[in-house]
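Peer 1: One structure is given below, represented as structure tokens, and several questions about it will come after.
The values are calculated or read from the model by the stated rules, or taken from the named source; none is laboratory data. Predicted model only: the values in this text are computed from it and were never measured. Heads up, the Cβs are rebuilt from the backbone with ideal geometry, glycines too, and the neighbour counts pull from every protein chain shown.
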Amino acid sequence: MTVMMEFDIDIILSDLGFNNYSSHGKASIKILNGIAPINKATERQLAFCSSEGEEAILSVSRSKAGVILCKNSMEGIVFSRSDRLQRLIFVDHPRLAAMRIIKSLYQKEPLVGISYRAVISKNAKIGKDCYIGDFSVIGDACEIGNNTVIYQNVSILQNSKIGSKCVIQPGTVIGADGFAYERDNQTLDLEAFPHIAGVTIGDNVHISSNCSIARGSLADTVIGNGTKLDALVHIAHNVEIGRNCELTAGTIIGGSTTIGDVCWLGLNCTLKNKIRIGNKVIVGCGAAVIHDIPDEDIVGGVPAKSIKDKITSNTKQLFLMAGQKKQQEQKQNIIL
């Protein structure tokens, strides 16, 4: 990792394509030497505030950061402190801007190479410039795309295909048999359903630590391009997940469930087997989904029900208006 150096905030924002921004406060504050949380940053550091309304007002008013990236919607609502050398910069997406600044300043050397402690099948195919860590296993008929990073103690079993530029963190298992049994009517013994398919994972997929992705029984388990899995996610056999989805920690998806593109699944939610989730769906934390969900719905609860009507597009605007009104009422009490 490179050592942090001084940087000009205006130059770096321009280089990253954030050209349409405005600022308030000391415009001369440009040269910074670090990035920190808004409640810990010093006058030579950059911070960001993704909040709106009263929360943003309080966070900014209490911060000692030299420069704070704020949402465009907060321009004219939050102000730099007059008693400090401080500047606010208003952009569409402050967290995204901060992320890209961090990436540009803290360049990591790409991980490339295969550990001699890794176990790789003779008929597995490994792409160019990959990294495979200690004690990881790549099984028969597996394929790994270019520039993919597989950390230590990862098991990728037979018939698994991993795309390019993927990241798989320690402890994850991909391609083990799914949980599927039929009971004999006479003996009541459980007989395992054979799993003869595999797993297909697209490009730019990030899989965090200790996830479990079962291979398909008759058709592959599929994860689309750009999808990200948090730690401790379980994906059962024959599941199909679309592009650019986010599955947060503890998510459990039952077998043969289909999930569309650009979905967000909250912490510890459970999706029943054989249901269909549309595109751009949000599933609340701890929800138990037992029925199909149409496109662009928002569900929560046990069992999960639509709460989209309760989360209207006006909610955020009403909150902002309430924040503005409260700010006007308490203006004399807020240190700017």
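Peer 1: Name every residue in region 131-163 that is of a type in the set (Gly, Ala, Ser) and out of contact with any Pro (no Cβ under 9 Å at 6 or more places or on another chain), in order of residue number. Steps first, answer last, please.
Peer 2: Taking region 131-163 as the starting set, the residues that turn out to be of a type in the set (Gly, Ala, Ser) are 133, 136, 139, 141, 145, 155, 160, 163.
The answer is 139, 141, 145, 155, 160, 163.
Peer 1: Against the condition of a type in the set (Ser, Thr, Tyr), out of contact with any Gly (no Cβ under 8 Å at 6 or more places or on another chain) and not in a helix (DSSP H, G or I), how does residue 23 come out, does it pass? Can you show your working first?
Peer 2: Details: of a type in the set (Ser, Thr, Tyr): yes; out of contact with any Gly (no Cβ under 8 Å at 6 or more places or on another chain): yes; not in a helix (DSSP H, G or I): yes.
For residue 23, the condition - of a type in the set (Ser, Thr, Tyr), out of contact with any Gly (no Cβ under 8 Å at 6 or more places or on another chain) and not in a helix (DSSP H, G or I) - is met.
Peer 1: Ok, one more. Given the residues 184, 177, which is the only one that is without any contact (Cβ under 8 Å) to a residue 24 or more places away in the chain and out of contact with any Gly (no Cβ under 6 Å at 6 or more places or on another chain)? Break it down into steps so the answer makes sense when it comes.
Peer 2: Numbers: 177 fails: without any contact (Cβ under 8 Å) to a residue 24 or more places away in the chain.
From the options 184, 177, the qualifying one is 184.
Peer 1: Only one residue in 149, 137, 167 is assigned by TED's automatic domain parsing to the domain that holds residue 285, over 30 Å from residue 266 (Cβ atoms) and touching a strand residue (DSSP E or B) at 6+ places or on another chain (Cβ under 9 Å), so which one is that?
Peer 2: On the way: 149 fails: over 30 Å from residue 266 (Cβ atoms); 167 fails: over 30 Å from residue 266 (Cβ atoms).
Checking each option against the conditions leaves just 137.
Peer 1: Here is a further query. Which of the residues that make up region 63-73 are under 11 Å from residue 23 (Cα atoms) and in a helix (DSSP H, G or I)?
Peer 2: 72 - this is the single residue of region 63-73 that is under 11 Å from residue 23 (Cα atoms) and in a helix (DSSP H, G or I).
Peer 1: Oh, and also: Which members of region 162-176 meet the condition of being assigned to a strand (DSSP E or B) and either on the phi > 0 side of the Ramachandran plot or over 22 Å from the mean Cα position of the chain (by Cα) (or both)?
Peer 2: Taking region 162-176 as the starting set, the residues that turn out to be assigned to a strand (DSSP E or B) are 162, 167-168, 173-176.
The answer is 175, 176.
Peer 1: Can you name every residue in region 241-259 that is surrounded by fewer than 20 Cβ atoms within 10 Å (Cβ to Cβ) and not in a loop (DSSP other than H, G, I, E, B)?
Peer 2: 246, 252, 258 - these are the residues of region 241-259 that are surrounded by fewer than 20 Cβ atoms within 10 Å (Cβ to Cβ) and not in a loop (DSSP other than H, G, I, E, B).
Peer 1: Within the bounds of region 265-275, is there any residue that is in contact (Cβ under 8 Å) with a residue 12 or more places away in the chain, surrounded by fewer than 18 Cβ atoms within 10 Å (Cβ to Cβ), in contact with a Cys (Cβ under 6 Å, 6 or more places away or on another chain) and under 19 Å from residue 300 (Cα atoms)? Break it down into steps so the answer makes sense when it comes.
Peer 2: Initially, region 265-275 is screened for residues in contact (Cβ under 8 Å) with a residue 12 or more places away in the chain, giving 265-275.
Those left that are additionally surrounded by fewer than 18 Cβ atoms within 10 Å (Cβ to Cβ): 267-268, 272-275.
Still in the running and in contact with a Cys (Cβ under 6 Å, 6 or more places away or on another chain): 267.
Cutting the leftovers down to under 19 Å from residue 300 (Cα atoms) gives us 267.
Yes: one or more hits.
Peer 1: Continuing with this model, one more query. Spot the failing condition for residue 60; the list is (1) in contact with a Cys (Cβ under 7 Å, 6 or more places away or on another chain); (2) assigned to a loop (DSSP other than H, G, I, E, B), and only one is missed.
Peer 2: Of (1) in contact with a Cys (Cβ under 7 Å, 6 or more places away or on another chain); (2) assigned to a loop (DSSP other than H, G, I, E, B), only one is false for residue 60: (2).
Peer 1: For residues that are among the hydrophobic types (A, V, I, L, M, F, W, C) and outside any strand (DSSP E or B), scanning just region 275-298, find the one that is nearest to residue 262 (Cα to Cα). Don't jump to the end; show me each part of the working.
Peer 2: Residues of region 275-298 among the hydrophobic types (A, V, I, L, M, F, W, C): 275, 277, 281-283, 285, 287-290, 293, 298.
Still in the list and also outside any strand (DSSP E or B): 275, 281, 285, 287, 290.
Values: 275: 17, 281: 7, 285: 17, 287: 18, 290: 20 Å.
Result: 281.
Peer 1: Within region 101-120, can one find any residue that is over 30 Å from residue 198 (Cβ atoms), not hydrophobic (A, V, I, L, M, F, W, C) and not in a loop (DSSP other than H, G, I, E, B)? Walk me through how you get there before you give the answer.
Peer 2: Step one: of region 101-120, the residues over 30 Å from residue 198 (Cβ atoms) are 101-109.
Next, only the ones that are not hydrophobic (A, V, I, L, M, F, W, C) stay: 103-104, 106-109.
From what's left, not in a loop (DSSP other than H, G, I, E, B): 103-104.
Scanning region 101-120 turns up at least one residue that is over 30 Å from residue 198 (Cβ atoms), not hydrophobic (A, V, I, L, M, F, W, C) and not in a loop (DSSP other than H, G, I, E, B).
Peer 1: Here is a follow-up. From the list 68, 11, 57, 77, pick out the single residue that is among the β-branched types (Val, Ile, Thr), surrounded by fewer than 17 Cβ atoms within 10 Å (Cβ to Cβ) and not assigned by TED's automatic domain parsing to the domain that holds residue 145. Write out each step before concluding.
Peer 2: Working: 68 fails: surrounded by fewer than 17 Cβ atoms within 10 Å (Cβ to Cβ); 57 fails: surrounded by fewer than 17 Cβ atoms within 10 Å (Cβ to Cβ); 77 fails: surrounded by fewer than 17 Cβ atoms within 10 Å (Cβ to Cβ).
Every option except 11 fails the conditions.
Peer 1: For residue 185, state whether it is farther than 21 Å from residue 205 by Cβ and part of a loop (DSSP other than H, G, I, E, B). Before you say what the answer is, go through the steps one by one.
Peer 2: Numbers: farther than 21 Å from residue 205 by Cβ: yes; part of a loop (DSSP other than H, G, I, E, B): yes.
Against the criterion (farther than 21 Å from residue 205 by Cβ and part of a loop (DSSP other than H, G, I, E, B)), residue 185 qualifies.
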